[in-house]
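Report on the following structure.
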Amino acid sequence: MEFITVEGLKKEYTIYEKKSFFRRDKRKVEALKGIDLTVKKGEFLGYVGPNGAGKSTTIKILTGIMTPSDGMVKVGEYVPYKDRKKYVKNIGVVFGQKTQMWWDLPVIDTYELLKGIYKVDEKKYKRQLEYLIDRLFLQDILKQPVRQLSLGQRMRAELGACMIHDPEILFLDEPTIGLDVVSKYKVVDFLQEINKQGKTIFLTTHDMKDIEKLCNEMLVLNHGDIVYKGKVEELKTVGELPIRVVAQVKRNGYDSLLNEIISKYSGEYNAEKSQLVLNLKNKKEISETAKTLFNNFDIDDFKVQEPSIEEVIKFIYTS
Ligand SMILES: Nc1ncnc2c1ncn2[C@@H]1O[C@H](COP(=O)(O)OP(=O)(O)O)[C@@H](O)[C@H]1O
Ligand SMILES: [Mg+2]
C-alpha cells in the first residue's frame, strides 16, 4: 500500500525582478517539473539533491504549506493543501533551517501549547513526553527558551515538538544540517529507532552518510526532475562508475597474462610500486579477477573499492 502518491507534480514560482524604477520583469522558475514518487508505510526515504533542486518545495507541498501548480498529491487519505487542518494532525514536520517553536518560550511551554493545538489527551501526552525526554536527552533544556539553545539542542527540541502528537509520518527538511558529530549521532539514532517502531520518514539531507545509515529507499532530485529512484545500495551500480581493484602484485614472468588482465579490465600496472589497479564493470568481475590473480601471481594485498555514494551522485548530477 502506498502511503504517499505524487503524480506529475509541478511547481512554478514567479519572480519579479526590479530592472529600473519603471520596469519590473517577471520571470518564471520551474522548481518541480512534473515529478512522480511513491512512499510506502514504514519506509525511510532519503530525498537528495543539490541546492535549488526543489527538495524544500516538495516538502512544502507534501505538508500542505504550499499549493502545487499542477499534478496530484495524496498522503494517506488526504490531499495536503486541501485538507490542511485535519491533515496536520497526522504529520510531523521539521525544517532544519528555521524553528517552528516559540522563540521566547521555554521548550516545555511549546510542548504544552502543541498538546492543546493537537488535542492530545493528558495521559498520552505524559507518556509521550517522558519517552521524548529520555530518547532525545531533553531533561536539561526543557526549561530553557528556544533562543538560548545551541543548534544541536534546538534540533532535538524540534524533533520532540514534531512528535508530541505521535504522528504516523515525519517530514524532515535537513534536520542534521550544521550539527556536530555528537548531536548528529543523537538525531540519527533517534530517527532510526522511531522508524523501527513503524514511523514513515521522508528525509531531505545533503549528507550521504546519513542516507546510507538510515534510509532504505532514495530519490535523487536535480533541477526539478527525479533522476534516480530505488534502493540506496543499488545506486552504486548505476552510472557505470567502475569498481576498483587495487592489488600488490609481484611480477613472476607471466607478463603476457598480466598484460591480458590489464587490457581486459582497463587497468594499469605501476612497476615501481608493484601495484595493479583494475577498473571492473560489476561485482561478478571481482571474484573472476581475484581467482586469476591469486592463482597465478604472488599477491601481497588485494583491495576492492566501490564508488562512494557521493561519487555516484556527482556522476548523476553531471551526466
Ligand atoms: N518562494 C520562492 N519564490 C521564488 N523562487 C523560489 C521560492 N522558493 C524556492 N524557489 C526556487 O525554486 C527552486 C527550488 O528551490 P528549493 O525547493 O528551495 O530547493 P532545495 O530545497 O532543493 O534547495 C530554486 O531555484 C529556488 O530559487
Ligand atoms: Mg531546501
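Values computed for the structure shown
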read-out: Near pairs, Cβ below 7 angstrom, 6+ apart or cross-chain, from the stretch 13-26 (open to solvent by 100 Å² or more (accessible area, probe 1.4 Å)) to any residue that is part of a strand (DSSP E or B) and of a type in the set (Phe, Trp, Tyr); value: 24/16; 26/16
read-out: Residues that are touching a helix residue (DSSP H, G or I) at 6+ places or on another chain (Cβ under 8 Å) and assigned to a loop (DSSP other than H, G, I, E, B), drawn from the stretch 270-296; value: 281
read-out: Evaluation of residue 213 against (1) crowded, with 18+ Cβ neighbours inside 10 Å; (2) at pLDDT below 95; (3) among the basic types (Lys, Arg) (one fails), failing number; value: (1)
read-out: Residues (open to solvent by 10 Å² or more (accessible area, probe 1.4 Å) and either away from ligand 2 (no atom under 16 Å from the Cβ) or among the polar types (S, T, N, Q) (or both)) located in the stretch 39-71; value: 40, 41, 42, 43, 51, 56, 57, 67, 68, 69, 70, 71
read-out: Any chance residue 74 is modelled with pLDDT of 95 or more and within 16 Å of ligand 2 (Cβ to nearest atom); value: no
read-out: From 115, 98, 82, 74, residue being open to solvent by less than 40 Å² (accessible area, probe 1.4 Å) and charged (D, E, K, R); value: 115
read-out: The stretch 133-158, residues that are in a helix (DSSP H, G or I), open to solvent by less than 20 Å² (accessible area, probe 1.4 Å) and farther than 22 Å from residue 181 by Cβ; value: 146
read-out: Residue satisfying condition, being outside any helix (DSSP H, G or I) and in contact with a Leu (Cβ under 8 Å, 6 or more places away or on another chain), within set 299, 313, 262; value: 299
read-out: Filtered residues of the stretch 1-12 (kept if of a type in the set (A, V, I, L, M) and surrounded by 16 or more Cβ atoms within 10 Å (Cβ to Cβ)); value: 4, 6, 9
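The values are calculated or read from the model by the stated rules, or taken from the named source; none is laboratory data. Keep in mind the model is a prediction, meaning the values are calculated, not measured. Counting neighbours? That spans all protein chains shown, and the Cβs are built from the backbone with ideal geometry, glycine included. Accessible surface is based on the protein model in full, side chains and every heavy atom, while ligands, DNA and RNA are left aside. Shrake-Rupley method; radii C 1.70, N 1.55, O 1.52, S 1.80 Å.
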